[in-house]
Amino acid sequence: MAADWLGSLVSINCGPTLGVYQGEVFSVDQTSQTISLRQPFHNGMKCPVPEVTFSAMDIKELKILEIRHCSNGVAKQSGPNMTVTAAGYTGRKDKGGGCGVTSTQVSSVPVSVPKAEPRTRDGGMSPSQHYSKSYVERQVDMTGQSKGFRRRHNSWSSSSRGPNQATPKKNGSKNGQMKNKDDECFGDCMDEFLDEDFDFEGNLALFDKAAVFSQIDSSDRRGNSARTRGNPAEQTPSRYRHDENILEGKPVVYRQIIVPQSGIKEYSTDSGLVVPSISNEFHKRLLCVAESYGLSLERRLEMTGVCASQMALTLLGGPNRLTPKNLHQRPTVALLCGPHVQGAQGISCGRHLANHEVEVILFLPNFVKMLEAINSELTLFGKTGGKQVSSVKDLPDTPVDLVINCLDSHENTFLREQPWYRAAADWANQNRAPVLSIDPPVCGQEQAVEAKWSLCLGLPLPLPERAGRVYLCDIGVPRQVFQEVGIKYHSPFGCKFVIPLHST
């Protein structure tokens, strides 16, 4: 009975994992419950192997597409859409002993094949290619039968895959499926092409860009007119620039600091805020009021030292220079201080720099009487391992990375006549290192040491051009202190403690 189906064209559905196979039956083994197909097609494409064998447990559904031979050798042929049960063919024979063409259809409803007990399958072929043309359509094209099938010109042909190509294992893996999809999409063995080339220029000519944009503009104008018909004052622009804020807000007031003394030099921040300068006497009054509120000299010294050291570390290279792998190239800073409050601020800055692995050389002349703040700062500085000298001869002969100038005083301008002051100023001017001045005073004469940067405290002083670029640091003066001395104040620092100022 099994030999009756040899030579027939069948379609075997093996489930979503293995797919659908079509081919000619050339072997049916009832003992091992297997069926073999010759010249098989998998999911509509020709398999690279000539034969495929299926087990009964793998078959979900079996359809007979065409019966070519019967057991008596009489050839016959039936329609390609014929469906029979997988259990066997039960058609009757005609009087001539052959199988009638009209009697081959037994059932028009597919019958599922009973599943066998699950077992491990080590062999078998399950190529997981996804193709676009079925075996029946190809047979109709070859035999010339007009069954209403339409040949698709943009699909692969059955001969597009060579017989020597490797077949993926029957494991249903996604990697195999993706690989075969790539081969199908990007393969270069196609023998079928589009009948006509796509006319890109003609298709592009159908798109009228000017008309489309004109329609968009007209729709925007209609929408705006509909929104503002009730109140024309509420009309808003339909388009915004890339740097324009779409949210309505109050205009920015750039003059947020107003001092009682007008006509003094003014500066501006990077964001455009105006920062006016104050005189040396007014600045001294501001610090006295702040000290009466609890902002003592020790607190100001500490805050100034932190801000100045942070700025100095940035000038020295910051994270690009001060790294654990660069300890053999530690930056060197020469700190020139005098016996006054400005000198104490410089010593505080040197202490913080020494704590950040910077070699600090402190120059401070010997005096019989020192300020208490200087003695306290010197005691702390000595614990950091920094070097202290009292003679200019002990300063380095080679250029250093940075010179910090704290020689000048706001109160005592006669120190400029001292020999130690002149010697230190000459050394700083002859050294090729850049100079940072901390809290420089406003003197009638020119600055003894030409600085590249100058750091002011709280509010800037009207410094000359020789002072270099002006920076401003926040020493923690409360807003109420500014108001008490007659200054309308809003902090210009934002998220920083040191900001640059530009002359206006």
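Quick rundown of the values:
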| read-out | value |
| --- | --- |
| Residues satisfying the stated conditions in the stretch 29-51, i.e. among the hydrophobic types (A, V, I, L, M, F, W, C), more than 15 Å from residue 67 (Cα to Cα) and in a strand (DSSP E or B) | 35, 41, 45 |
| Enumeration of residues in the stretch 246-275 that are within 22 Å of residue 481 (Cβ to Cβ), outside any strand (DSSP E or B) and either free of Cβ contacts under 8 Å to residues at least 40 places away in the same chain or more than 35 Å from the chain's Cα centre (by Cα) (or both) | 253, 255, 256, 257, 259, 260, 261, 262, 264 |
| Any chance residue 59 is part of a strand (DSSP E or B) and of a type outside the set (Gly, Ala, Ser) | no |
| Selection within the stretch 25-68 - within 17 Å of residue 9 (Cα to Cα) and of a type in the set (Gly, Ala, Ser) | 27, 36, 44 |
| Every residue from the stretch 399-432 that is more than 57 Å from the chain's Cα centre (by Cα) and either among the aliphatic types (A, V, I, L, M) or at positive phi (or both) | 415 |
| Any pair with Cβ under 7 angstrom, 6 or more apart, that starts in the stretch 331-347 at a residue that is assigned by TED's automatic domain parsing to the domain that holds residue 403 and ends at one that is hydroxyl-bearing (Ser, Thr, Tyr) and modelled with pLDDT under 95 | 338/409; 340/409; 342/409 |
| Failed criterion for residue 494 (all others in (1) surrounded by 14 or more Cβ atoms within 10 Å (Cβ to Cβ); (2) touching a Ser or Thr at 6+ places or on another chain (Cβ under 8 Å); (3) assigned to a loop (DSSP other than H, G, I, E, B) hold) | (1) |
| Total residues in the stretch 290-342, condition in contact with a strand residue (DSSP E or B) (Cβ under 8 Å, 6 or more places away or on another chain) and polar (S, T, N, Q) | 4 |
| Among (1) surrounded by 16 or more Cβ atoms within 10 Å (Cβ to Cβ); (2) of a type outside the set (Ser, Thr, Tyr); (3) modelled with pLDDT of 85 or more, the one test that residue 70 misses | (3) |
| Test set (1) among the basic types (Lys, Arg); (2) modelled with pLDDT of 90 or more; (3) in a loop (DSSP other than H, G, I, E, B) - residue 432 fails condition number | (2) |
| Residue 379 vs. criteria modelled with pLDDT of 90 or more, β-branched (Val, Ile, Thr) and in a loop (DSSP other than H, G, I, E, B) | no |
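The values are calculated or read from the model by the stated rules, or taken from the named source; none is laboratory data. For clarity, every value in this text was computed on a predicted model and none was experimentally measured. Here Cβ is always computed from backbone atoms with ideal geometry, including for glycine, and neighbour counts include all displayed protein chains.
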